[in-house]
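The values are calculated or read from the model by the stated rules, or taken from the named source; none is laboratory data. As the structure is a computational prediction, the values presented were derived from the model and not from experiment. Because the Cβ atoms are built from the backbone with ideal geometry, glycine has one as well, and the counts that use them run over all protein chains shown.
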Amino acid sequence: MSKLMKVMLTSIIIIIFIGGIAAVIYFNFMSDKNKSDKQSIDDIVEYSFETPEITTNYPGRW
């Protein structure tokens, strides 16, 4: 292998390794904040509403 290929391969491996570490840190530590922000079923029911049924008066066929 030429020296350029070795440098490129090493660089790509290092970039993938750093990206993997960053992904693990993000998904393990940053996602814990979202768990406490979930709504309870009571909150969901409080903010929900029902709409009346929509009907059309389209006579005839297509």
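For SER2, state whether it is surrounded by 10 or more Cβ atoms within 10 Å (Cβ to Cβ) and either modelled with pLDDT of 80 or more or more than 25 Å from the chain's Cα centre (by Cα) (or both).
Judged against the criteria, SER2 is not a match.
Regarding LYS33, is this residue at pLDDT below 85 and part of a helix (DSSP H, G or I)?
Yes; evaluated as a whole, the condition is true for this residue.
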